[in-house]
Ligand SMILES: Nc1ncnc2c1ncn2[C@@H]1O[C@H](COP(=O)(O)OP(=O)(O)O)[C@@H](O)[C@H]1O
Ligand SMILES: [Mg+2]
């Protein structure tokens, strides 16, 4: 196998049949090229999806209250469920260790003003833990902190859009913004390059906001992150338990899907994983089919080569070549062409990816690439493929009868 | 060197069978230069192919250098061919993408001779046929006579017991034919056993013995006074 002479024979044969070798190799290179690009695209899609979610913590759970759709426990259906601060305390008390961060959310659209400039924005009132759940990117100043929440301070963190709308070229930090007629001091500005709409939001302490709204303890939503050590099952288990307990607390029928809505990021991630998994399998199948076409192509061409080289093989046999040596010659040539052209395809594909990949940053597509294991597997597949493609022609070649090959007729 | 007893060979073609060789008997001793003569279709090539282990006999026995040749598998036949025999063909049968010296070295490769020794030996035999300067040329750059001389060098390179030439001059003009026969005679002078298949009487006369085949039987087997080819070149 590592006999230098055999390789010399092979290079000789390849060099003196350039077109043939090119045609043979092209189909395999093409197959691998497509396979790698397909896999990389799926990878890019996956990266894109995850990236979108990564704006928020990947272990976030969102709980919204809704309107019941079933009569239950003496209540008629169509009842509006209202969460309060007590629900947050209840979860805190019942699930110690299961959650990381938790915040009540109170959300209103309001008009805001600075000097002559006004605009309508969404105010999201939250506590200091919120930043860890939705990953707010502070570009200036700071976020709402614990003492803001405890003291009910009239402070606000505004989005970049709000800042440019109302403050133009002025530095908003330390200035006041009038929200619903009340002055709030701006302590921070945030940006969000994934979602520009988010930049026209204002964050304020939940306590402050609830007090402004006639001393209510009502909340619209609960956000939390579960223990990051949880696996998918544990995470789903946790959110299911919350659902059951909250339904019980608010007298919602256990089988009423409408009373409250709980959204667990783990589930979404799992769905994406499954979806891209299917895509991955599909692309492997497609890639392999293309590769098989290439291999059949090689096999065909090799058979043709053997026909063309019948005379030469006959001569070699007359000169004392053993069948084994003939098989080796044909097989190694096939493996060599397949492996080499496959690697060229691989190189082109990865080259293209490293050139184009960084440029591609569409919302659902990011950093398309293949990992090392894909490349190693592809290489093994190629060598095996080359052997398979060469096998039948090689056996055919070994069976060539010298008298038939050498007859001048 | 070669012993043939009651050799029969038929070709089956569908339901028909063509009886080509019908009981041949002869012996060839070491150092002989034998012409196998006969008109086209008389079975000369069939006989040579059997002697060359490229084909199998149906009946009778064949002994080469004391070794009975029968029921050889492919690998064994390849070994024997490599060790015992050198072939020279009418159409030269050089490998067209290999240079003269590479062609000559090929049987040595199958003998397992190392690269350096192969190169040396191949050059030596090319020199013997007068083509040392042409070592690096491809067959397409050589004339017919030169090609046949490369083929002869190749047959010699393996240092076989017997050289077998099937119509070695069949594709050459008469002048070149004589040059090739001159070479063959000289190789025979060195003590090599050579069989030459031909249908040309003047070529046969340049051998030392003529075995005349007709319709699959030997009709004549005679020693002749060798006509030296050197007088024509
Ligand atoms: N492989 C074969 N199959 C069938 N018939 C063959 C085969 N080889 C030769 N023959 C026939 O056998 C006869 C002798 O052929 P051959 O030995 O080649 O004759 P020569 O070499 O004397 O011209 C011819 O009639 C030829 O057609
Ligand atoms: Mg013939």
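Values quoted throughout were computed directly from the atomic coordinates according to the rules given, and no laboratory measurement underlies them. Keep in mind that this is a model prediction, so the values were computed, not measured. Don't worry about glycine lacking a Cβ; one is built from the backbone with ideal geometry, like all the others, and counts go over all protein chains shown.
Region A:286-364 to region A:69-84: how many Å between their Cα centroids? The two parts, judged by their Cα centres, are 69 Å apart. What residue among B:168, B:201, B:160 shows peak mean-square fluctuation when chain B is described by a Gaussian network model with Cα springs under 10 Å? Sorting by GNM fluctuation, first place goes to B:201. Helix A:265-308 versus the longest principal axis of chain A: what is the Cα-based angle in degrees, 0 to 90, to the nearest 10? It works out to around 10 degrees. Hull volume per residue, based on the alpha-carbon atoms of region A:270-356 and their convex hull, is 121 Å³. Computed from label points 7 Å out along Cα-Cβ, the spacing between residue A:76 and residue B:114 is 10.5 nm. Here region A:199-257 and region B:1-29 have alpha carbon centers that stand 100 Å from each other.
For peptide B:91-98, the mean count of partner chain Cβ atoms within 10 Å of a residue's Cβ comes to 5. The GNM of chain B, with springs linking C-alpha atoms under 10 angstrom apart, assigns the highest mean-square fluctuation among B:22, B:222, B:124 to B:222. In terms of the Cα gyration tensor, with a ≥ b ≥ c the square roots of its eigenvalues, is region A:233-316 rounded because a/c is under 1.5, prolate because a/b exceeds b/c, or oblate? Verdict is prolate for region A:233-316. Each of residue A:395 and residue A:275 was given a label point 7 Å from its Cα along the Cα-to-Cβ line. The distance between the two points is 4.7 nm.
Here, chain A has an Rg and a Dmax of 33.9, 109 Å when only alpha carbons are counted.
When each of the peptides A:199-205, B:175-181, A:303-309 is scored by the mean number of other C-beta atoms lying within 10 Å of its residues, the order from highest to lowest reads A:199-205, B:175-181, A:303-309.
Report, in deg cm²/dmol and to the nearest 500, the calculated mean residue ellipticity at 222 nm for chain A, where each DSSP H run with n ≥ 4 adds -39500 (n - 2.57) and the sum is divided by the residue count.
Numbers: 13 runs with 221 residues, N = 409.
Helices in chain A give a 222 nm mean residue ellipticity of -18000 deg cm²/dmol.
Ignore the peptide's own chain and count Cβ atoms of other chains within 10 Å of each Cβ in B:151-162; give me the average, rounded. Numbers along the way, then the final one.
Details: counts 1, 0, 0, 2, 2, 0, 1, 2, 0, 1, 0, 0.
For peptide B:151-162, the averaged partner shielding equals 1.
For region A:50-116, the square roots a ≥ b ≥ c of the C-alpha gyration tensor eigenvalues yield an a/c of 1.5 or more together with a/b not exceeding b/c, which makes the shape oblate.
Could you list the residues of region A:113-144 with an amide nitrogen less than 17 Å from a label point located 7 Å from the Cα of residue A:193 in the Cα-to-C-beta direction? Zone members listed by number: A:135-140. Using a 7 Å offset from Cα along Cα-Cβ at residue A:263, what residues in region A:127-163 end up with backbone N under 19 Å from the label point? Zone members listed by number: A:127, A:130-137.
Enter the angle in degrees (range 0 to 90, nearest 10) between the Cα long axis of helix A:18-53 and the first principal axis of the Cα atoms of chain A, meaning the one along which they spread out most. So the inclination is approximately 10 degrees.
Provide the FRET efficiency to the nearest 0.05 for the residue B:29-residue B:143 pair, computing r from the beta carbons and using R0 = 30 Å. List each step's numbers first, then the result.
On the way: r = 35 Å, r/R0 = 1.16.
FRET efficiency, residue B:29 to residue B:143: 0.30.
In this rough spin-label picture, where each label sits 7 Å from Cα along the Cβ direction, the residue A:67-residue A:22 distance is 7.2 nm. Rounded to the nearest 10 degrees, the angle from helix B:115-128 to the longest Cα principal axis of chain B is 80 degrees. Computed over chain B, the per-residue total of -39500 (n - 2.57) for DSSP H runs of n ≥ 4 gives a 222 nm mean residue ellipticity of -10500 deg cm²/dmol, rounded to 500.
The mean count of C-beta atoms from other chains within 10 Å of the C-beta of residues in A:319-332, rounded to a whole number, is 5.
Placing a label point 7 Å from the Cα of residue A:355 along the Cα-to-Cβ direction, the residues of region A:13-27 whose backbone N falls under 20 Å from that point are A:26-27. When Rg and the Kirkwood radius Rh are both evaluated on Cα atoms of region A:60-267, their ratio Rg/Rh stands at 1.01.
Take every Cα pair under 8 Å in chain A that's 6+ residues apart, average their separations, divide by the length, and report that relative contact order as a whole percent.
Values: 701 pairs, mean separation 114.9, N = 409.
With pairs under 8 Å counted, the relative contact order is 28 percent.
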